Amino acid sequence: MTQIATEDPKLPMVVAPAIPALGSGQMFDKIAARYDTLNRVLSLGLDQRWRRRVVRALGLDTNSRKTKQGQWYGERPRVLDVATGTGDLAIEIARSCPGSTVVGLDPSAGMLAVAQHKLDKRGLAERISLVVGDAQALPQANCEVDAATIAFGIRNVPDRGQALRELARVVRPGGRVCVLELNEPRNKGLFAAAARLHTHHIVPRVGAWLSGAREYRYLQSSVAAFPAPADFADLMRASGLEVLEVTPLTFGVCTLYLATPAEDA
Ligand SMILES: C[S@@+](CC[C@H](N)C(=O)[O-])C[C@H]1O[C@@H](n2cnc3c(N)ncnc32)[C@H](O)[C@@H]1O
(Lines give C-alpha, C1' and ligand atoms only; values in the text may rest on other atoms or scores of the structure.)
Protein backbone atom coordinates (compact mmCIF):
# COMPACT_ATOMS: atom_id res chain seq x y z
CA MET A 1 0.00 0.00 0.00
CA THR A 2 1.11 3.57 -0.68
CA GLN A 3 0.30 6.41 1.71
CA ILE A 4 -0.58 9.74 0.13
CA ALA A 5 -0.62 12.94 2.23
CA THR A 6 -3.90 14.86 2.03
CA GLU A 7 -3.99 18.66 1.65
CA ASP A 8 -5.35 19.15 5.19
CA PRO A 9 -2.69 17.96 7.71
CA LYS A 10 -5.48 17.17 10.23
CA LEU A 11 -6.95 14.56 7.88
CA PRO A 12 -5.54 11.03 7.91
CA MET A 13 -3.26 9.89 5.12
CA VAL A 14 -5.13 8.33 2.21
CA VAL A 15 -4.16 4.73 1.73
CA ALA A 16 -4.00 3.86 -1.93
CA PRO A 17 -3.33 0.44 -3.41
CA ALA A 18 0.26 0.17 -4.72
CA ILE A 19 -0.93 -1.84 -7.69
CA PRO A 20 -3.12 0.26 -9.99
CA ALA A 21 -6.53 -1.27 -10.73
CA LEU A 22 -6.52 -2.94 -14.12
CA GLY A 23 -7.88 -0.65 -16.82
CA SER A 24 -7.81 2.40 -14.55
CA GLY A 25 -6.21 5.73 -15.37
CA GLN A 26 -3.26 4.83 -13.09
CA MET A 27 -2.61 1.69 -15.09
CA PHE A 28 -2.58 3.74 -18.30
CA ASP A 29 -0.16 6.25 -16.73
CA LYS A 30 2.41 3.47 -16.73
CA ILE A 31 2.16 2.76 -20.46
CA ALA A 32 1.41 6.29 -21.72
CA ALA A 33 4.84 6.97 -23.23
CA ARG A 34 4.75 3.91 -25.50
CA TYR A 35 0.98 3.72 -26.05
CA ASP A 36 0.84 5.21 -29.56
CA THR A 37 3.68 3.11 -30.96
CA LEU A 38 2.25 -0.05 -29.45
CA ASN A 39 -1.20 0.78 -30.77
CA ARG A 40 0.07 1.09 -34.34
CA VAL A 41 2.17 -2.06 -34.13
CA LEU A 42 -0.37 -4.26 -32.37
CA SER A 43 -3.34 -3.17 -34.50
CA LEU A 44 -1.18 -3.49 -37.64
CA GLY A 45 -1.97 0.15 -38.40
CA LEU A 46 -5.74 -0.41 -38.40
CA ASP A 47 -6.48 1.71 -35.32
CA GLN A 48 -6.26 5.00 -37.19
CA ARG A 49 -8.48 3.69 -39.98
CA TRP A 50 -11.10 2.67 -37.40
CA ARG A 51 -10.96 6.14 -35.80
CA ARG A 52 -11.59 7.71 -39.21
CA ARG A 53 -14.69 5.52 -39.49
CA VAL A 54 -15.94 6.98 -36.20
CA VAL A 55 -15.49 10.50 -37.52
CA ARG A 56 -17.43 9.66 -40.69
CA ALA A 57 -20.21 8.05 -38.62
CA LEU A 58 -20.62 11.23 -36.57
CA GLY A 59 -21.65 13.05 -39.77
CA LEU A 60 -20.03 16.33 -38.72
CA ASP A 61 -19.86 19.26 -41.13
CA THR A 62 -16.48 18.77 -42.79
CA ASN A 63 -16.96 21.90 -44.95
CA SER A 64 -17.10 24.34 -42.07
CA ARG A 65 -14.47 27.02 -42.68
CA LYS A 66 -13.37 30.40 -41.44
CA THR A 67 -13.69 33.08 -44.11
CA LYS A 68 -10.90 35.54 -44.87
CA GLN A 69 -12.93 38.08 -42.91
CA GLY A 70 -12.61 35.86 -39.87
CA GLN A 71 -16.24 34.69 -39.85
CA TRP A 72 -17.37 31.10 -39.79
CA TYR A 73 -19.64 29.44 -42.26
CA GLY A 74 -20.90 25.92 -41.71
CA GLU A 75 -21.60 24.25 -38.40
CA ARG A 76 -19.35 24.49 -35.35
CA PRO A 77 -20.10 21.29 -33.43
CA ARG A 78 -18.98 20.70 -29.86
CA VAL A 79 -17.69 17.16 -29.44
CA LEU A 80 -16.74 15.26 -26.30
CA ASP A 81 -14.19 12.44 -26.61
CA VAL A 82 -14.36 10.32 -23.46
CA ALA A 83 -11.35 8.13 -22.52
CA THR A 84 -9.40 10.26 -24.99
CA GLY A 85 -6.04 8.83 -23.86
CA THR A 86 -3.29 10.25 -26.05
CA GLY A 87 -5.89 12.16 -28.08
CA ASP A 88 -5.80 10.40 -31.44
CA LEU A 89 -9.57 10.42 -31.95
CA ALA A 90 -9.93 14.00 -30.70
CA ILE A 91 -7.24 15.04 -33.20
CA GLU A 92 -8.94 13.17 -36.04
CA ILE A 93 -12.27 14.88 -35.24
CA ALA A 94 -10.70 18.35 -35.08
CA ARG A 95 -8.81 17.79 -38.33
CA SER A 96 -11.80 16.47 -40.28
CA CYS A 97 -14.19 19.10 -39.04
CA PRO A 98 -12.37 22.45 -38.97
CA GLY A 99 -15.28 24.19 -37.25
CA SER A 100 -15.44 21.80 -34.31
CA THR A 101 -14.23 22.25 -30.78
CA VAL A 102 -13.40 19.09 -28.87
CA VAL A 103 -13.06 18.25 -25.19
CA GLY A 104 -10.93 15.18 -24.47
CA LEU A 105 -11.59 13.61 -21.06
CA ASP A 106 -9.56 10.88 -19.34
CA PRO A 107 -8.59 9.94 -15.77
CA SER A 108 -4.93 9.31 -16.72
CA ALA A 109 -2.78 12.41 -16.34
CA GLY A 110 0.06 10.53 -18.05
CA MET A 111 -2.00 9.83 -21.20
CA LEU A 112 -3.27 13.43 -21.23
CA ALA A 113 0.30 14.76 -20.99
CA VAL A 114 1.19 12.85 -24.17
CA ALA A 115 -2.01 14.18 -25.80
CA GLN A 116 -1.19 17.77 -24.82
CA HIS A 117 2.27 17.47 -26.37
CA LYS A 118 0.69 16.27 -29.65
CA LEU A 119 -1.86 19.12 -29.65
CA ASP A 120 0.87 21.71 -29.10
CA LYS A 121 2.96 20.25 -31.92
CA ARG A 122 0.00 20.23 -34.32
CA GLY A 123 -1.31 23.68 -33.40
CA LEU A 124 -4.61 22.22 -32.14
CA ALA A 125 -4.40 23.29 -28.51
CA GLU A 126 -6.94 26.08 -29.00
CA ARG A 127 -9.57 23.76 -30.41
CA ILE A 128 -9.05 20.69 -28.25
CA SER A 129 -9.08 21.05 -24.48
CA LEU A 130 -8.14 18.20 -22.17
CA VAL A 131 -9.70 17.49 -18.78
CA VAL A 132 -9.06 14.87 -16.13
CA GLY A 133 -12.31 13.02 -15.49
CA ASP A 134 -14.26 9.78 -15.29
CA ALA A 135 -16.75 8.48 -17.85
CA GLN A 136 -19.10 7.54 -15.01
CA ALA A 137 -19.51 11.15 -13.80
CA LEU A 138 -19.02 13.55 -16.70
CA PRO A 139 -18.59 17.23 -15.79
CA GLN A 140 -20.69 18.41 -18.78
CA ALA A 141 -24.21 19.77 -18.33
CA ASN A 142 -27.25 18.02 -19.82
CA CYS A 143 -27.36 18.29 -23.66
CA GLU A 144 -24.11 20.31 -23.66
CA VAL A 145 -22.48 18.66 -26.69
CA ASP A 146 -23.53 17.77 -30.23
CA ALA A 147 -21.69 14.46 -30.28
CA ALA A 148 -19.72 12.21 -27.96
CA THR A 149 -17.27 9.40 -28.65
CA ILE A 150 -15.45 6.73 -26.69
CA ALA A 151 -12.85 4.63 -28.49
CA PHE A 152 -11.30 1.55 -26.87
CA GLY A 153 -12.31 3.03 -23.54
CA ILE A 154 -15.70 1.61 -22.48
CA ARG A 155 -14.02 -1.76 -21.83
CA ASN A 156 -12.07 -0.18 -18.96
CA VAL A 157 -15.00 1.50 -17.22
CA PRO A 158 -16.23 -0.43 -14.14
CA ASP A 159 -19.90 0.57 -14.55
CA ARG A 160 -20.46 0.64 -18.31
CA GLY A 161 -24.21 1.26 -18.01
CA GLN A 162 -23.52 4.39 -15.94
CA ALA A 163 -21.00 5.66 -18.52
CA LEU A 164 -23.52 5.10 -21.33
CA ARG A 165 -26.23 6.93 -19.35
CA GLU A 166 -23.81 9.81 -18.93
CA LEU A 167 -23.15 9.90 -22.69
CA ALA A 168 -26.92 9.93 -23.33
CA ARG A 169 -27.33 12.76 -20.82
CA VAL A 170 -24.67 15.14 -22.16
CA VAL A 171 -25.48 14.80 -25.88
CA ARG A 172 -28.26 17.04 -27.21
CA PRO A 173 -31.41 15.45 -28.66
CA GLY A 174 -30.65 14.22 -32.19
CA GLY A 175 -26.90 14.33 -31.55
CA ARG A 176 -24.68 11.29 -31.96
CA VAL A 177 -22.91 8.93 -29.61
CA CYS A 178 -20.27 6.67 -31.11
CA VAL A 179 -18.59 3.82 -29.28
CA LEU A 180 -15.66 1.95 -30.83
CA GLU A 181 -14.52 -1.22 -29.12
CA LEU A 182 -12.46 -4.33 -29.81
CA ASN A 183 -14.01 -7.78 -29.84
CA GLU A 184 -12.75 -11.25 -29.89
CA PRO A 185 -14.21 -12.68 -33.11
CA ARG A 186 -16.30 -15.65 -31.95
CA ASN A 187 -17.19 -17.07 -35.35
CA LYS A 188 -15.47 -19.99 -37.02
CA GLY A 189 -13.12 -19.47 -39.94
CA LEU A 190 -9.49 -18.86 -40.58
CA PHE A 191 -9.50 -15.11 -40.05
CA ALA A 192 -11.32 -15.33 -36.72
CA ALA A 193 -8.85 -18.00 -35.55
CA ALA A 194 -5.93 -15.80 -36.61
CA ALA A 195 -7.47 -12.83 -34.78
CA ARG A 196 -7.87 -14.91 -31.60
CA LEU A 197 -4.25 -16.03 -31.85
CA HIS A 198 -3.21 -12.39 -32.28
CA THR A 199 -5.22 -11.23 -29.24
CA HIS A 200 -4.32 -14.12 -26.93
CA HIS A 201 -0.67 -14.69 -27.75
CA ILE A 202 0.84 -11.91 -29.85
CA VAL A 203 -0.65 -8.80 -28.19
CA PRO A 204 0.32 -9.67 -24.59
CA ARG A 205 3.81 -10.88 -25.53
CA VAL A 206 4.75 -8.15 -28.02
CA GLY A 207 3.07 -5.53 -25.78
CA ALA A 208 4.99 -6.64 -22.70
CA TRP A 209 8.22 -6.90 -24.68
CA LEU A 210 7.98 -3.48 -26.37
CA SER A 211 6.61 -1.61 -23.37
CA GLY A 212 8.43 -3.45 -20.63
CA ALA A 213 5.09 -3.41 -18.80
CA ARG A 214 2.98 -6.39 -17.76
CA GLU A 215 -0.14 -4.26 -18.29
CA TYR A 216 -0.49 -5.46 -21.88
CA ARG A 217 -1.59 -8.84 -20.56
CA TYR A 218 -4.66 -7.09 -19.22
CA LEU A 219 -5.62 -5.99 -22.74
CA GLN A 220 -6.01 -9.54 -23.94
CA SER A 221 -8.24 -10.59 -21.04
CA SER A 222 -10.35 -7.43 -21.20
CA VAL A 223 -11.05 -7.89 -24.92
CA ALA A 224 -12.02 -11.52 -24.36
CA ALA A 225 -14.31 -10.52 -21.47
CA PHE A 226 -16.13 -7.74 -23.36
CA PRO A 227 -19.75 -8.61 -24.28
CA ALA A 228 -20.66 -9.69 -27.81
CA PRO A 229 -21.87 -6.79 -30.01
CA ALA A 230 -25.56 -7.71 -29.75
CA ASP A 231 -25.35 -7.80 -25.93
CA PHE A 232 -23.47 -4.52 -25.75
CA ALA A 233 -26.06 -2.91 -28.06
CA ASP A 234 -28.75 -4.12 -25.62
CA LEU A 235 -26.88 -2.44 -22.77
CA MET A 236 -26.81 0.78 -24.80
CA ARG A 237 -30.59 0.56 -25.29
CA ALA A 238 -31.12 -0.08 -21.59
CA SER A 239 -28.98 2.98 -20.82
CA GLY A 240 -31.07 5.59 -22.64
CA LEU A 241 -29.67 5.33 -26.15
CA GLU A 242 -31.38 4.51 -29.42
CA VAL A 243 -28.95 2.34 -31.36
CA LEU A 244 -28.77 3.40 -35.02
CA GLU A 245 -26.04 1.08 -36.31
CA VAL A 246 -23.81 -1.74 -35.13
CA THR A 247 -21.04 -2.16 -37.70
CA PRO A 248 -18.39 -4.87 -37.49
CA LEU A 249 -15.02 -3.64 -38.77
CA THR A 250 -12.18 -5.80 -40.13
CA PHE A 251 -14.01 -9.15 -39.88
CA GLY A 252 -15.44 -8.27 -36.47
CA VAL A 253 -12.17 -7.54 -34.67
CA CYS A 254 -13.59 -4.15 -33.82
CA THR A 255 -17.20 -2.87 -33.65
CA LEU A 256 -18.58 0.60 -34.21
CA TYR A 257 -21.80 1.39 -32.34
CA LEU A 258 -23.66 4.51 -33.46
CA ALA A 259 -26.50 5.84 -31.31
CA THR A 260 -28.52 8.90 -30.37
CA PRO A 261 -30.16 9.80 -27.04
CA ALA A 262 -33.52 8.00 -26.86
CA GLU A 263 -36.46 10.39 -26.98
CA ASP A 264 -38.28 8.74 -24.08
CA ALA A 265 -35.23 8.45 -21.81
C1 LIG B 1 -6.99 1.87 -24.62
S2 LIG B 1 -6.99 3.56 -24.10
C3 LIG B 1 -7.88 4.36 -25.41
C4 LIG B 1 -7.43 5.76 -25.67
C5 LIG B 1 -7.99 6.46 -26.90
N6 LIG B 1 -9.42 6.63 -26.85
C7 LIG B 1 -7.59 5.81 -28.18
O8 LIG B 1 -8.39 5.78 -29.11
O9 LIG B 1 -6.44 5.37 -28.30
C10 LIG B 1 -8.19 3.50 -22.80
C11 LIG B 1 -8.31 4.80 -22.03
O12 LIG B 1 -9.41 4.66 -21.11
C13 LIG B 1 -9.10 5.46 -19.99
N14 LIG B 1 -9.99 5.11 -18.85
C15 LIG B 1 -9.83 4.14 -17.90
N16 LIG B 1 -10.83 4.19 -17.01
C17 LIG B 1 -11.65 5.21 -17.40
C18 LIG B 1 -12.84 5.78 -16.86
N19 LIG B 1 -13.42 5.29 -15.75
N20 LIG B 1 -13.40 6.85 -17.50
C21 LIG B 1 -12.83 7.35 -18.62
N22 LIG B 1 -11.71 6.84 -19.18
C23 LIG B 1 -11.12 5.79 -18.58
C24 LIG B 1 -7.63 5.17 -19.75
O25 LIG B 1 -7.01 6.12 -18.91
C26 LIG B 1 -7.10 5.15 -21.17
O27 LIG B 1 -6.56 6.40 -21.56
* Considering only residues of the range 179-188 that are touching a residue at least 40 places away in the same chain (Cβ under 8 Å) and over 15 Å from ASP47 (Cα atoms), which is least open to solvent (accessible area, probe 1.4 Å)? -> PRO185
* Structure fact -> Residue set VAL157, VAL206; condition aliphatic (A, V, I, L, M) and either crowded, with 21+ Cβ neighbours inside 10 Å or under 21 Å from TRP50 (Cα atoms) (or both); output residue VAL157
* Structure fact -> By residue number, the members of the range 103-120 that are in a helix (DSSP H, G or I) and either modelled with pLDDT under 95 or closer than 16 Å to ALA33 by Cα (or both) are ALA109, GLY110, MET111, LEU112, ALA113, VAL114, ALA115, GLN116, HIS117, LYS118, LEU119
* Asked: Does LEU138 satisfy the condition of being of a type in the set (A, V, I, L, M, F, W, C), within 12 Å of the ligand (Cβ to nearest atom) and open to solvent by 10 Å² or more (accessible area, probe 1.4 Å)?
  -> yes
* To do: Would you point out which residue out of GLY59, GLY74, GLY123, GLY133 is open to solvent by 10 Å² or more (accessible area, probe 1.4 Å) and closer than 23 Å to VAL246 by Cα?
  => GLY59
* Structure fact -> Here the qualifying pairs (Cβ atoms under 8 Å; residues six or more apart or on different chains; first in the range 73-88 and near the ligand (Cβ under 6 Å from one of its atoms); second in a strand (DSSP E or B) and open to solvent by less than 10 Å² (accessible area, probe 1.4 Å)) come out as VAL82/LEU105; VAL82/ALA148; VAL82/THR149; VAL82/ILE150; ALA83/LEU105; ALA83/ILE150; THR84/GLY104; THR84/LEU105
* Structure fact -> ASN63 meets each of (1) part of a loop (DSSP other than H, G, I, E, B); (2) within 9 Å of the ligand (Cβ to nearest atom) with one exception, condition (2)
* Yes or no: TRP50 in contact with a Gly (Cβ under 8 Å, 6 or more places away or on another chain), touching a residue at least 12 places away in the same chain (Cβ under 8 Å) and over 17 Å from LEU105 (Cα atoms)? -> no
* Structure fact -> Of the residues in the range 224-253, those that are part of a loop (DSSP other than H, G, I, E, B), closer than 11 Å to GLY161 by Cβ and out of contact with any strand residue (DSSP E or B) (no Cβ under 9 Å at 6 or more places or on another chain) come to SER239
* Asked: What is the residue count in the range 144-186 for residues that are over 13 Å from ALA83 (Cα atoms) and either in a strand (DSSP E or B) or more than 10 Å from the ligand (Cβ to nearest atom) (or both)?
  -> 21
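The values are calculated or read from the model by the stated rules, or taken from the named source; none is laboratory data. As the structure is a prediction and not an experimental result, all values here were calculated from the model. Methodologically, a virtual Cβ is constructed for each residue, glycine included, from the backbone with ideal geometry; neighbour enumeration extends over all protein chains shown. Areas reflect the complete protein model, heavy atoms only, side chains present, ligands, DNA and RNA absent. Shrake-Rupley method; radii C 1.70, N 1.55, O 1.52, S 1.80 Å.
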